[in-house]
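Read through the structure below, which is laid out as structure tokens, and then see the notes.
The values are calculated or read from the model by the stated rules, or taken from the named source; none is laboratory data. Only a predicted model underlies this, so the values are computations on that prediction, with no experimental measurement involved. As a convention, Cβ positions derive from the backbone with ideal geometry for all residues, glycine included, and neighbour counts pool all protein chains shown. Just the protein is used for accessible areas: all its heavy atoms, side chains included, with ligands, DNA and RNA removed. Shrake-Rupley method; radii C 1.70, N 1.55, O 1.52, S 1.80 Å.
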Amino acid sequence: MSEQKAYLLLANGQVFEGKSFGVTGTTIGEVVFATGMTGYQETLTDPSYYGQIAVQTFPLNGNYGTNSDDFESPQCWMKGYIVREWCEVPSNFRCEKTIDEFLKEQHVIGLYGVDTRQLTRIIRECGVMNGAITTEDVYAKKEELLAQIQAYEIKDAVKTVTTKEIKRYTVENPEHEVVMMDFGYKAHILRHLLNRNCNVTVVPAHTTAEEILAINPDGVMLTNGPGNPEENTEVIETLKKLIAAKMPMFGICLGHQLTALANGGKTMKLKYGHRGGNQPVKDLNTGRVYVTSQNHGYAVVGDSINPAVGKMSHWNVNDNTCEGVEYYNAPVYTVQFHPEACGGPRDTSYLFDRFMTMMRKEGE
């Protein structure tokens, strides 16, 4: 393991001293924590982490290495990665590279050997804040770095991570044609649709409603993605037109937030967000509580949904935030959590089956 010193400088001036892995240099991002006990490779390749420095609360990461089959996207979008300890000699028959080799290949700066428990408590108490990881002398550059940290802002997130061209995926004997609006989608959303006999056309986020309707899909999948949902004014206008056209739609995470905005609802930034595989969510229609995987820093304001337009269908048992909405003005429903979650939990994957049933019903 590297013995080169590395530092985390938070916006409040606090410094954490550790050691470097991945590449060296300096990076600035929004510091967030993720509580998953496994699935670090999915975390590393989730486009929703664009512009962020992720802290893993589980103390050991990299113990089963990385492999090319489980990526959620072709690259790592985060600005930096912080762990208590990383495993230098992973053990798994599918392992292709160590986590250090992966970060080097992706040109991502890593920091290990810091007290991630203390760091997580700071974020929980103070809220998400910007920070910098550097392998340079942080004390000599502290004031300069603090100024850059204070000025940092995540912008054009969806525009950066979305696909640049239309991509089509087909199956034998397809039952449905689905257009997937790519706001920074996770690969397992696509896999769930393909496994349910859907042909899928992945389109860039800026694709117009007219272009989507011209494809003549049975339904539209609205994916997860990074950044402030209110920034995506063009997408919100597109969704308004798709809703008016009564297009069946299923939204996940950012797709959930954008649909609420298109229906006149509001979103808010959470103090430290929900990131991990242990968030309890209650289905208000059945009373059942599911354990869900989540990764978001914004949420829909539940009581901002017009009762004539839709109703809150799921809420978070921990903090009562809105986790799902069913709409009356079109065959549309959305959830904040990830029913496609890998590596788990998979309690809510049935929501994809509901999307199939909805498209079938509308087709009839």
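General remarks:
- J(HN,Hα) series, the range 254-260, from Karplus relation 6.51 cos²θ - 1.76 cosθ + 1.60, nearest Hz, glycine and proline x: 4, x, 5, 5, 5, 5, 4
- Residues in the range 1-38 reached by a label modelled at L60 [backbone nitrogen below 19 Å; 7 Å Cα→Cβ]: 1-2, 35-38
- Take the Cβ atoms of S349 and Q4, set R0 to 41 Å, and the FRET efficiency comes out at 0.45.
- Charge tally around C198: other residues with Cβ under 9 Å, Lys/Arg +1 each, Asp/Glu -1 each, net -2.
- Across the options T26, Q52, T286, the greatest Cα extent toward the positive end of the charge dipole of the chain (unit charges at beta carbon of Lys, Arg, Asp, Glu) belongs to T286.
- R275 sits with roughly 10 Å² accessible to a 1.4 Å probe, with DNA, RNA and ligands left out of the calculation.
- Degrees, to the nearest 10: 116-126 long Cα axis against longest axis of the chain: 60 degrees
- When Rg and Dmax of the Cα atoms in Å is calculated for this entry, the matching label among (1) 20.0, 59; (2) 20.5, 69; (3) 27.5, 100 is (2).
- Contact order relative to length of the range 72-199, as percent, for alpha carbon pairs under 8 angstrom and 6 or more apart: 24 percent
- GNM top mover of D218, D115, D69 - the chain, alpha-carbon springs below 10 Å: D69
- Over the chain, accessible surface divided per residue gives 42 Å², non-protein components excluded, 1.4 Å probe.
- Cβ-placed point charges (K, R +1; D, E -1), dipole of the range 223-364 about Cα centre in debye, nearest 20: 120 debye
- Once the Cα-Cα distance is subtracted from the 0.36 nm per residue extended length, the E153 to E234 segment shows a gain of 27.1 nm.
- Per atom type, the chain shows carbon and sulfur on 47% of its accessible surface, probed at 1.4 Å.
- For a paramagnetic label modelled on E125 (point 7 Å from Cα along Cα→Cβ), amide N atoms under 18 Å away belong, within the range 270-298, to 271-273.
- Ranked packing of 245-252, 118-125, 54-61, most packed first, by mean Cβ within 10 Å: 245-252, 54-61, 118-125
- Summary value for the range 246-314: 35 percent relative contact order, contacts being C-alpha pairs under 8 angstrom separated by 6+ residues.
- Using a cut-off of 18 Å between Cα atoms, the listed pairs K5/K97; K19/K104; K79/K104; K5/K142 include K5/K97 as exceeding that distance.
- Rounded to the nearest 20, the Cβ-based charge dipole of the chain about its Cα centre (Lys and Arg +1, Asp and Glu -1) stands at 600 debye.
- In a simple Cβ point-charge model (Lys, Arg +1; Asp, Glu -1; nothing else charged), the range 1-120 has a dipole of about 300 debye relative to its Cα centre.
- Treating r as the C-beta distance of R117 and E17 and R0 as 25 Å, the FRET efficiency rounds to 0.95.
- For the chain: relative contact order, % (alpha-carbon pairs under 8 angstrom, 6 or more apart): 15 percent
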